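Scroll down for the structure; my scribbles are underneath it.
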Amino acid sequence: MGFGTFQAELSAIDRRLPELDRLVQSAYEDKVLGKIPEILCVQLLKGYEGERKAKQERRRELTEQLAASRENEQTVDAWLDMVQDYYDLQELDRPTLMRLIQKIEISEKYTVDNHEERDIHIYYNFVGYIEV
């Protein structure tokens, strides 16, 4: 899910929550005026309250996901800005290496077709491991 999907669902929830408040108020008024029986009023109120709780929980989840997505996007943007500084890098020195790379993992040696190999995983700052 992206920003647009999160925002659309969040907007729909934000429109529905006030509607639920109005429906609750209307059910109470209809009960008081004798337009609907108490049992129906109770059923309506339970339904509205259940929906309200579900919508509020979903709204909380969406807000967290939206914040996380924005944070991830900012992190990737920061990484891209940093990497652009090194687009035409001719020599890799220690300060540059420390700025670009978080860690390097080198596996134990293993044999493939009678020659030794080992896996090397480079974890970049901001974006982590990128499989090539």
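All of the numbers you see were taken from the coordinates with simple rules; none came from a lab. The structure displayed is predicted, hence computed values, not measured ones. When we count neighbours, we look across all protein chains shown, and the Cβ atoms used for this are built from the backbone with ideal geometry, even at glycine.
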For the residue pair residue 26 and residue 93, what label-to-label distance in nm results when each label sits 7 Å from Cα along the Cα-to-beta-carbon direction? 7.1 nm
Around residue 102, which amide H atoms from residues at least 5 apart in sequence, or from another chain, sit under 5 Å from its own amide H, with H modelled in the peptide plane? 123, 124, 125
Long-range Cα-Cα pairs in region 89-132 (distance over 12 Å), rounded percent: 68 percent
The chain - percent relative contact order, Cα under 8 Å, separation 6 or more: 19 percent
What nm value, rounded to one decimal, do you get for the distance between residue 78 and residue 42 when each label is placed 7 Å out toward the C-beta? 5.6 nm
Can you spot the aspartates and glutamates whose alpha carbon is less than 16 Å from residue 103's alpha carbon? Ignore those fewer than 8 places along the same chain. 93, 119, 131
Considering only the other residues whose Cβ falls under 12 Å of the Cβ of residue 105, what net charge follows from Lys and Arg at +1 and Asp and Glu at -1? 0
What are the radius of gyration and Dmax of the chain, computed over its Cα atoms and given in Å? 27.9, 89
Gain on full stretching of the segment that runs from residue 113 to residue 53 - 0.36 nm per residue minus C-alpha separation: 15.5 nm
Tilt, helix 38-84 to longest principal axis of the chain (alpha-carbon atoms), in degrees rounded to tens, equals 20 degrees
To the nearest 10 degrees, how steeply does helix 3-32 sit against the main Cα axis of the chain, on a 0 to 90 scale? 20 degrees
What is the diffusion coefficient of region 58-132 in µm²/s, taking the Kirkwood radius over Cα pairs and the Stokes-Einstein relation at 20 °C with a viscosity of 1.002 mPa s? 140 µm²/s
Contour minus end-to-end for residue 101 and residue 129, with contour as 0.36 nm per residue of separation and end-to-end as the Cα-Cα distance? 9.1 nm
